[in-house]
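A short worksheet on the structure shown next.
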Amino acid sequence: MALLTVKGLTKSFESTQAVNSIGFTIHEGRCVALLGPNGAGKTTAIRMLTGLIAPTSGDIEFHGIGPGADRRSLIGFLPQVPAFYNWMTGREFLIYAGRLCGLSAKEAQTRSSELLERVGIASAAKRRIAGYSGGMKQRLGLAQALIHRPKLLILDEPVSALDPIGRREVMELLRSLKLETTVLFSTHVLHDAEELCDDVLIMRAGRIAVGGSIQDIRSEHRQPILSLEIEQDEHSRKWLQNWLKTPPAYVKTYSALSGGVRLVVDDVNAARRNLLAELVESDVRMTKLEIGHTTLEDLFMKAVTE
């Protein structure tokens, strides 16, 4: 069932159109990644969804509430750089956030204890936030976003400021959260999107360039590839240089690899047979030949550069 439907959402700042008539639907229980290069409009779109800024035009509709109704109680939000009252302790801040969200004093205390334990900073609950590390603040921000049990959790670059260990721990936490609530998060780490999400939205220049379930997008857009590596003797290197000047018809596109080339092809079996025959005929020494498919990163690069 649809939780959120966006239609014709647009935001202009004077002469700049940051978001240009985007539309998409987020279904309950799904985890959605919002992807795109810097300046694509991701953060502006998120701020409109959360109600922090008003759209220039377009509609944002939550299932179960009327158009224009206050949707903030349904949303939990973690900005890219969360702000805190550093003189508060972690527990005090969560109780404060819970009370602002309408929880009773008792419920705010109980919920704060649950979340501090869940995000892994219960041992620092009585420490002032000023003494928290960046990773601890990110965890506290996530707890704050969850304090009122939102229907939609929105996260803007939730792991961008974390070290590899902190990033992995937050990703595991998000993996468990997506079983309980709907999640929308923006990220530059495409591997995270492939690993965690059900759906992706790729933005370019304020528009949705590609959108849909990862499974459908893979089926529709993925292409077979051959990765070839050769020995670095003069004959093999010269052969590859000449071969790439006029590649065969079965090669759609190619890109250089260290010691070889990556080929996007039409028919992987025919391409493999023909390529091996050419290598044998030209006495080129091959060290590796791998068969695979294009990835979400390939689709991302294609979507944001075309």
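Could you list, in sequence order, the residues of segment 36-53 that are modelled with pLDDT under 90 and closer than 20 Å to residue 193 by Cα?
Let us first name the residues in segment 36-53 that are modelled with pLDDT under 90, namely 36-40, 51.
Scanning segment 36-53 gives 36, 37, 38, 39, 40.
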**Report entry** Qualifying positions in segment 256-273 - surrounded by 12 or more Cβ atoms within 10 Å (Cβ to Cβ) and outside any helix (DSSP H, G or I)
**Finding:** 257, 259, 260, 261, 262, 263, 264, 265, 266
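One line per residue, one yes/no per condition, for (1) loosely packed, with under 14 Cβ neighbours inside 10 Å; (2) modelled with pLDDT under 90; (3) of a type in the set (D, E, K, R):
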residue	(1), (2), (3)
147	no, no, no
159	no, yes, no
163	yes, yes, yes
191	yes, yes, no
214	no, yes, no
220	yes, yes, yes
226	no, yes, no
Report task. Scan segment 150-164 residue by residue and report those that are more than 20 Å from residue 46 (Cβ to Cβ) and either touching a residue at least 12 places away in the same chain (Cβ under 8 Å) or touching a strand residue (DSSP E or B) at 6+ places or on another chain (Cβ under 6 Å) (or both). Result -> 163
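Restricting attention to segment 167-207, which residues are among the hydrophobic types (A, V, I, L, M, F, W, C) and closer than 20 Å to residue 120 by Cβ? Walk me through it before giving the result.
Filtering segment 167-207 for residues among the hydrophobic types (A, V, I, L, M, F, W, C) gives 170-171, 173-174, 177, 179, 183-185, 189-190, 193, 196-197, 200-203, 205.
Once the filter is applied, which keeps residues that are among the hydrophobic types (A, V, I, L, M, F, W, C) and closer than 20 Å to residue 120 by Cβ, segment 167-207 yields 170, 171, 173, 174, 177, 179, 183, 185, 196.
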Query - Complete set of residues in segment 242-270 that are without any contact (Cβ under 8 Å) to a residue 12 or more places away in the chain and among the charged types (D, E, K, R) - result: 245
Query raised in the report: Taking segment 187-241 only, how many residues are on the phi > 0 side of the Ramachandran plot, touching a residue at least 24 places away in the same chain (Cβ under 8 Å) and out of contact with any Gly (no Cβ under 6 Å at 6 or more places or on another chain)?
Result: 1
Report task. Being buried (at least 16 other Cβ atoms within 10 Å of the Cβ) and among the aliphatic types (A, V, I, L, M) narrows it down to one of 289, 296, 276, 244, so name that one. Result -> 296
Query - Every pair of residues 6+ apart whose Cβ atoms lie under 6 Å, when the first sits in segment 8-32 and is farther than 27 Å from residue 181 by Cβ while the second is in a loop (DSSP other than H, G, I, E, B) - result: 10/56; 12/56; 17/206; 18/41; 18/206; 20/206
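Taking segment 1-18 as the search range and keeping residues that are assigned to a strand (DSSP E or B) and among the polar types (S, T, N, Q), which one is nearest to residue 29 (Cα to Cα)? Let's see the steps before the verdict.
Of the residues in segment 1-18, the ones assigned to a strand (DSSP E or B) are 2-13, 16-18.
Now narrow it down to the ones that are among the polar types (S, T, N, Q): 5, 10, 12, 16-17.
Details: 5: 14, 10: 26, 12: 31, 16: 35, 17: 31 Å.
Filtering first and then ranking leaves 5.
This table checks each residue for (1) assigned by TED's automatic domain parsing to the domain that holds residue 73; (2) of a type in the set (S, T, N, Q); (3) farther than 22 Å from residue 47 by Cα.
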site: 123; (1), (2), (3): yes, yes, yes
site: 132; (1), (2), (3): yes, no, yes
site: 144; (1), (2), (3): yes, yes, no
site: 176; (1), (2), (3): yes, yes, yes
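I'd like to check something: does segment 105-113 contain any residue that is surrounded by fewer than 17 Cβ atoms within 10 Å (Cβ to Cβ), of a type in the set (Val, Ile, Thr) and assigned to a helix (DSSP H, G or I)?
Restricting attention to segment 105-113, the residues satisfying the condition of being surrounded by fewer than 17 Cβ atoms within 10 Å (Cβ to Cβ) are 105-107, 109-110, 113.
Right, trim to of a type in the set (Val, Ile, Thr) and you get 110.
Going one step further and asking which of them are assigned to a helix (DSSP H, G or I), we end up with 110.
The answer is yes; a qualifying residue exists.
The values are calculated or read from the model by the stated rules, or taken from the named source; none is laboratory data. No experiment lies behind these values; they were computed from the predicted model shown. Glycine gets a Cβ as well: all are built from the backbone with ideal geometry, and neighbour counts include every protein chain shown.
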